[in-house]
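Enquirer: Below you'll find the structure I mean.
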Amino acid sequence: MDFYFYQISAQSLNCVCHIFTWIPANQHQFITSNLLSVIFFFATFVSCEKSNEFNSLKSSKLGALALSCINELLSKKFVSSDAAQLFHQVFQNTFQLLQTLLKEDENECLLNSLDEDYILKMTEFLRLFIADHFARIEYHKSFPIVEFLALLFQFTFRQKHCDRFLSLLDIWTIFIEIMTSFNTSKRLDF
């Protein structure tokens, strides 16, 4: 990876993250699908650069910066209903990101070679995704929920550190609470 490419990309992702920090939740229309695609490209960039340790570390740092941008976007709890298409694209990219991270190459999972910061940002991303926006998935029947949960399960149980594993178990607890409240409300409607 070229040093200048890394510097420009890192600074650009920092700027986007800063903009996402200040942009009001109702201004989502300024976040284009192209911008979101580029951010997710950098989030999956960790799977592209394996040639040497420097490139791997730099691509992992760019991935962590991209995940920071996405986390900032998902941290907005109030989002208008006309942002459905934007969040649908986030959901689809989330599924693809988990598939990429869990893909085995030469009997080794990419997940095992990732930087700690990247894993922490990914865990934060999954927590925001499940806790604050999982209910939005219900409206998109094309989103493969069962396959997504299978990938989340794999991501959880492939962690090598106890702290990471416990953080992901917390996400499962949130998911179970959501499903329990959903089932309770459905029963009350009858």
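The values are calculated or read from the model by the stated rules, or taken from the named source; none is laboratory data. Just so it is clear, the model here is predicted, and its values are computed rather than measured. Please note: Cβ atoms are built from the backbone with ideal geometry, for glycine as well, and neighbour counts cover all protein chains shown. For the accessible areas, the whole protein counts, side chains as well, though only heavy atoms, and no ligand, DNA or RNA atoms are used. Shrake-Rupley method; radii C 1.70, N 1.55, O 1.52, S 1.80 Å.
Enquirer: FRET efficiency for Asn112 and Phe30, Cβ-Cβ distance as r, R0 = 35 Å, nearest 0.05?
Expert: On the way: r = 38 Å, r/R0 = 1.07.
The formula returns an efficiency of 0.40 here.
Enquirer: Using a 1.4 angstrom probe with every protein chain in place, what is the largest-first accessible-area order of Asp163, Asp170? The partial results should precede the final answer.
Expert: On the way: Asp163 120, Asp170 80 Å².
Sorted descending by solvent-accessible area, the residues read Asp163, Asp170.
Enquirer: OK, next. Express in nm, to one decimal, how much length is gained between Asp132 and Thr180 on full extension, taking 0.36 nm for each residue of separation and deducting their alpha carbon distance. Mind dumping the intermediate values first?
Expert: On the way: separation 48, 0.36 × 48 = 17.28 nm, distance 1.55 nm.
Difference between extended and current length: 15.7 nm.
Enquirer: Accessible area, 1.4 Å probe, largest first: how do Thr173, Thr94, Thr100 sort? Don't jump to the answer; show the numbers that get you there.
Expert: Values: Thr173 65, Thr94 0, Thr100 35 Å².
Ranking Thr173, Thr94, Thr100 by accessible area, largest first, yields Thr173, Thr100, Thr94.
Enquirer: Further question: If Arg136, Arg127 are ordered by their accessible area, calculated over protein heavy atoms with a 1.4 Å probe, which sequence runs from highest to lowest?
Expert: On the way: Arg136 55, Arg127 80 Å².
So the residues, ranked largest to smallest area, are Arg127, Arg136.
Enquirer: A further question follows. For each pair in Lys76/Lys121; Lys61/Lys160; Lys77/Lys121, compute the distance between the two Cα atoms and list the pairs where it is over 22 Å. Write out the running numbers ahead of the final one.
Expert: On the way: Lys76/Lys121 16 Å; Lys61/Lys160 20 Å; Lys77/Lys121 18 Å.
Violating the 22 Å Cα-Cα cut-off are zero pairs.
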